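J.: Pasting a structure here, questions to come.
The values are calculated or read from the model by the stated rules, or taken from the named source; none is laboratory data. In this text the structure is predicted, and so the values were computed from the model without any measurement. Heads up, the Cβs are rebuilt from the backbone with ideal geometry, glycines too, and the neighbour counts pull from every protein chain shown. What goes into the accessible areas is simple: the full protein's heavy atoms, side chains included, and nothing from ligands, DNA or RNA. Shrake-Rupley method; radii C 1.70, N 1.55, O 1.52, S 1.80 Å.
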Amino acid sequence: MSVVPLADLQRGRCRPLDATARLQGPALVGQLAELAHWTVHDGTLQREFAFSDFHRTIGFVNAVAWMANAQDHHPELQLSYSRCTVRWHTHSAGGITLNDFICAARADVLADEGG
């Protein structure tokens, strides 16, 4: 699989995937290079977002929830007053897939718009 550019990730749509779509090794590393600030941690694609106050944090969480529902691909969220950690993982594939990168790229746009 070739690396999907950031602009294409931001416009992408999630689709049903199975274990054959899981990204590993060089494919995972190559795709990760498209997203600044994201890391692979415990089998998830993860980033911590920082905000100036609780209102902005909750606004971001709500925007991510709306986007995730539209994509039918839901993250794990951990939040506090001014931080939200987002973790993406494709359960049906048992790992990280292009769907996770699509949603991560879209979450970055949401943070830029509201943060």
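J.: How tilted is helix 98-114 with respect to the longest principal axis of the chain? Cα atoms for both, answer in degrees (0 to 90, nearest 10).
T.: That works out to roughly 20 degrees.
J.: Additional query: Hey, what angle do you get for helix 54-71 against the long axis of the chain, alpha-carbon based, 0 to 90 degrees rounded to 10?
T.: 30
J.: Rounded, prolate or oblate: which fits segment 61-115, taking a ≥ b ≥ c as square roots of the Cα gyration tensor eigenvalues, rounded meaning a/c under 1.5, else prolate when a/b beats b/c?
T.: The shape class here is prolate.
J.: Which of Glu48, Glu34, Glu76 ends up with the largest GNM mean-square fluctuation for the chain, with Cα atoms connected below 10 Å?
T.: Greatest mean-square fluctuation among the candidates belongs to Glu76.
J.: Now a separate question. In whole percent, how big is the carbon plus sulfur part of the accessible area of the chain, probe 1.4 Å, protein atoms only?
T.: Carbon and sulfur atoms account for 52 percent of the accessible area of the chain.
J.: Averaged per residue, what accessible surface does the chain expose to a 1.4 Å probe, in Å²?
T.: Averaged over the residues of the chain, the accessible area is 55 Å².
J.: In Å, the Kirkwood hydrodynamic radius of segment 24-63 over pairs of distinct alpha carbons?
T.: Answer for segment 24-63: a Kirkwood hydrodynamic radius of 12.0 Å.
J.: Per 0.36 nm of contour for each residue apart, how much would the distance between Val29 and His74 grow if the chain were fully extended, relative to their Cα-Cα spacing?
T.: 14.0 nm
J.: Now for a different question. Pop the C-beta distance of Glu113 and Ser92 into the FRET formula with R0 = 35 Å and round what comes out to the nearest 0.05.
T.: 0.75
J.: How much mean residue ellipticity at 222 nm does the chain get from its helices, if each DSSP H run of length 4 or more adds -39500 (n - 2.57) and you divide by all residues, to the nearest 500 deg cm²/dmol?
T.: -13500 deg cm²/dmol
J.: How high is the relative contact order of the chain, in percent, counting Cα pairs under 8 Å that sit 6 or more residues apart?
T.: 38
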